[in-house]
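Since every read-out is calculated from the coordinates, none of them should be taken as a lab result. This one's a predicted model, so the numbers in the text were calculated from it and none came from an experiment.
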Amino acid sequence: MGQRQLNIRSDEAAGRASTLAKQLGKTTTEVVEEALRQYEDSVIPRDERGLTPEQRKRFDALTALSLEASKHLLADAPDNHDWLYDENGLPA
């Protein structure tokens, strides 16, 4: 994949990034990446696992689905999963 570009059309933003990069001995790209990470962390809440609200919602839905599915497991079902495939190794 080719290198992506970001064009900053603000003299103030470009100047601040350049000045800060020189002061820190970093590239402007590094300064912008770090600033964006810090901004994202400050505006998007995360839970104790580091999940965003949307990620937590999906995690909870998948957990609930797996718990519901586990209720329907047969106690005597083989655990080698052979029952999932036919004699040719294709899904049954």
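Here is the P(r) of segment 16-71: all C-alpha pair distances, binned every 10 Å from 0, give 21, 27, 20, 17, 9, 5, 0 in whole percents. Distances between placed amide hydrogens fall under 5 Å for ARG46 paired with no residue 5 or more residues away or on another chain. What is the helix-to-structure angle for 11-24, meaning the angle in degrees between its Cα long axis and the longest Cα principal axis of the chain, kept from 0 to 90 and rounded to the nearest 10? So the helix axis and the longest Cα principal axis differ by about 80 degrees. For the chain, the longest principal axis of the alpha carbon atoms and the long axis of helix 53-70 meet at an angle near 10°. May I ask for the angle, rounded to the nearest 10°, between helix 28-43 and the longest principal axis of the chain, with both axes built from Cα atoms and the value confined to 0 to 90°? Relative to the chain, helix 28-43 is tipped by roughly 60 degrees.
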